[in-house]
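Notes follow once the structure below has been shown.
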Amino acid sequence: MIGIEAPAWLWPLLAAPFVGSFMGVLIIRLPAGAPVVFSRSACPHCGTRLNGWELVPLASFVTLRGRCRHCRQPIGRFHPAVELAAVVVAAWAALADPDPLRLWADCGLGWSLLTLAWIDCTSFLLPDVLTLPLLLAGLALTLDMQPEALTDRCLAAMFGYLSFQGLAFAYRRLRGRHGLGGGDAKLLAAAGAWCGLALLPFVILGSAVAGLLAALGLALTGRPVTSRTRIPFGPCIAVAFWLAWLHGGLLDQLLGRP
């Protein structure tokens with residue numbers, strides 16, 4: 001009997017809902033300082049601990065029709081939304097980069113950025129427990145796949161961090177208050193570690209454009225936008241970071257780089 005080898009993209013797609021389920025736990029518990037690993041999931045309404053089959057991503061939500069099996073209160077769409085978003089990230093990575101050796105790294109980066117962006121949107125936080133390992137992962141991946149580029153990546157990480165910290169310092173001097181977070185600087189450093197010096201300006205410019213679009217979106221919805229309006233910048237960096245990593249080759253072609 002001839003075996004059929006599964007395509008490389010299948011495994012990340014199958015893993016994505018389960019990764020998304022864990023991402024949902026991180027998004028809820030990290031900002032609250034709650035334990036992530038050693039705490040069982042429970043219904044937020046009645047407090048009943050959930051069984052294993054009630055935690056199966058997407059399938060359990062459909063089976064239970066979006067309600068707790070015990071108290072019949074709505075579960076909410078947050079968890080299935082995160083799980084579906086994780087699937088979209090895996091599919092995007094598989095379409096953009098068919099190289100099976102890089103695919104898991106692509107997915108890991110995308111899932112990490114999605115988690116950080118979601119946390120920043122809801123809590124205005126970019127936890128060190130996620131940003132710092134992401135930075136180290138970028139350097140480790142470079143050492144494994146492009147050791148000759150390690151110096152470039154280290155310089156890009158330092159430049160990304162120091163440039164944002166310099167901008168934050170200037171903002172404090174001009175405005176007399178904090179306006180840019182340290183987590184943003186660490187996320188930009190991680191972008192440098194993954195993308196390198198050549199693509200870092202695109203990440204910075206793309207982040208700024210995304211921030212302006214976010215402010216414009218708030219204004220168009222009728223919400224007042226002033227100098228004191230808080231807009232999470234982490235998602236802006238995450239979007240530019242993701243595009244630079246996955247589609248940096250296309251950008252080089254457009255700019256005529258070798």
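The values are calculated or read from the model by the stated rules, or taken from the named source; none is laboratory data. Note that this is a predicted model, so its numbers are computed, not measured. Cβ sites come from the backbone with ideal geometry, for glycine too, and all protein chains shown count toward neighbours. We work out accessible area using only protein heavy atoms, side chains counted, and drop any ligands, DNA or RNA first. Shrake-Rupley method; radii C 1.70, N 1.55, O 1.52, S 1.80 Å.
For the reader, a short list of remarks on this structure follows.
- GLY52 satisfies every condition listed in (1) exposed (fewer than 15 other Cβ atoms within 10 Å of the Cβ); (2) at pLDDT 70 or above except (2).
- Search result, residues across the range 93-110 that are surrounded by 23 or more Cβ atoms within 10 Å (Cβ to Cβ) and not small (Gly, Ala, Ser): CYS107, LEU109
- Qualifying residue in the range 62-73 (condition: open to solvent by less than 20 Å² (accessible area, probe 1.4 Å) and part of a helix (DSSP H, G or I)): no
- All helices (runs of 4 or more DSSP H) inside the range 113-227 with 3 or more residues being surrounded by 12 or more Cβ atoms within 10 Å (Cβ to Cβ) and of a type in the set (Phe, Trp, Tyr): 150-175
- Residue under evaluation ALA90, criteria (1) closer than 15 Å to TRP242 by Cα; (2) modelled with pLDDT of 95 or more; (3) surrounded by fewer than 22 Cβ atoms within 10 Å (Cβ to Cβ), criterion not met: (3)
- For the range 76-92, the count of residues that are farther than 25 Å from TRP9 by Cβ, outside any strand (DSSP E or B) and among the basic types (Lys, Arg) is at least one.
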